[in-house]
Amino acid sequence: MDLSKIDAIIFDLGGVILNIDYPRMILAFNALHGQDQEFPYSQDRQVELFDAFEKGQIPAWEFREGLRQILSLDCSDADLDNAWNAMLMDIPLSRIQLLETLGQHKRLFLLSNTNPIHKLAFDKIFQDTCGDRYEHLDQLFEKAYYSHHTGDRKPNHSFFQRVIYEQTLTPATTLFIDDTVAYIKSANQLGLQTYHVTRNETIMDLEWLQSFAEKCSAIA
């Protein structure tokens, strides 16, 4: 990847900037249920309840009630939230520093499928990491696009097009970085440059990204 030909970078959040552990969440819900069960949500698939919550079509209380019904649970809101948030791990300081460096030379945007419960949780994770310098994660980007704020989600073309049109981006010189294949394919269809972060790597492992950041730091 030649970043000299890239004007803007659109980052995914979970699995790219924020570490995610899906099995940890499943274990937490199994503990609430008292036995193992198939959970209707993963990186690759999810039932309509999760789509609706991510698009802001239902409030948190309705999502929780939906979870109770789907999973046959009888527990408090706090227990549900804790299990749902169990997948959210940490935001390494090194990634924040990388974004800071990149942001001095490229336009940076965030495009995330998320929901109100998770946003409260990852905002706290971010605060715990560098709350002495920032009030919220959005400050690392020119603009952050969250699915539950926009009423849209990846892989819908319309979600990507919102960013492209609102920010007057040129797809051929805009890079989209995500860890989900379906979202990468959708971005490719719109002419965006893309990079798929696999489960065996992080953005800190991308030599072309690190090399560009190091050159930027040297110039500064």
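The values are calculated or read from the model by the stated rules, or taken from the named source; none is laboratory data. Small disclaimer: the values here were computed from a predicted structure and weren't measured. FYI the Cβ positions are ideal-geometry reconstructions off the backbone, even for glycines, and counts take in every protein chain you see. These area figures cover heavy atoms from the full protein model, side chains too; ligands, DNA and RNA do not enter into them. Shrake-Rupley method; radii C 1.70, N 1.55, O 1.52, S 1.80 Å.
Quick notes on this one:
- Qualifying residue in the stretch 170-185 (condition: open to solvent by 10 Å² or more (accessible area, probe 1.4 Å), touching a residue at least 40 places away in the same chain (Cβ under 8 Å) and farther than 15 Å from N113 by Cβ): yes
- Filter pass, E135 being assigned to a helix (DSSP H, G or I) and open to solvent by 10 Å² or more (accessible area, probe 1.4 Å): no
- Lone qualifier among T129, T168 - being modelled with pLDDT of 95 or more, within 30 Å of E207 (Cα to Cα) and either touching an Asp or Glu at 6+ places or on another chain (Cβ under 9 Å) or not hydrophobic (A, V, I, L, M, F, W, C) (or both): T168
- Candidate set: the stretch 174-199, residues that are part of a helix (DSSP H, G or I) and aliphatic (A, V, I, L, M); chosen: the one nearest to R162 (Cα to Cα): A187
- As for the stretch 140-159, it holds at least one residue that is closer than 18 Å to A8 by Cβ, in contact with a helix residue (DSSP H, G or I) (Cβ under 6 Å, 6 or more places away or on another chain), among the hydrophobic types (A, V, I, L, M, F, W, C) and assigned to a helix (DSSP H, G or I).
A quick yes/no check of all residues on (1) surrounded by fewer than 17 Cβ atoms within 10 Å (Cβ to Cβ); (2) in a strand (DSSP E or B); (3) at pLDDT below 90; (4) of a type outside the set (S, T, N, Q):
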residue	(1), (2), (3), (4)
L27	yes, no, no, yes
A31	yes, no, no, yes
Q43	yes, no, yes, no
L49	no, no, no, yes
G66	no, no, no, yes
C75	yes, no, no, yes
D79	yes, no, no, yes
I96	no, no, no, yes
L108	no, yes, no, yes
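- Here the condition is being of a type outside the set (G, A, S), farther than 25 Å from D36 by Cα and free of Cβ contacts under 8 Å to residues at least 40 places away in the same chain; of R133, R95, it holds for R133 alone.
- Of all residues making up the stretch 200-209, the number that are assigned to a helix (DSSP H, G or I) and free of Cβ contacts under 8 Å to residues at least 24 places away in the same chain: 2
- Of all residues in the stretch 81-94 being of a type in the set (G, A, S) and part of a helix (DSSP H, G or I), the one that is least open to solvent (accessible area, probe 1.4 Å): A83
- Odd one out for T202, checked against (1) modelled with pLDDT under 95; (2) of a type in the set (S, T, N, Q); (3) over 16 Å from the mean Cα position of the chain (by Cα): (3)
- Test for T129: is it touching a helix residue (DSSP H, G or I) at 6+ places or on another chain (Cβ under 8 Å) and surrounded by fewer than 19 Cβ atoms within 10 Å (Cβ to Cβ): yes
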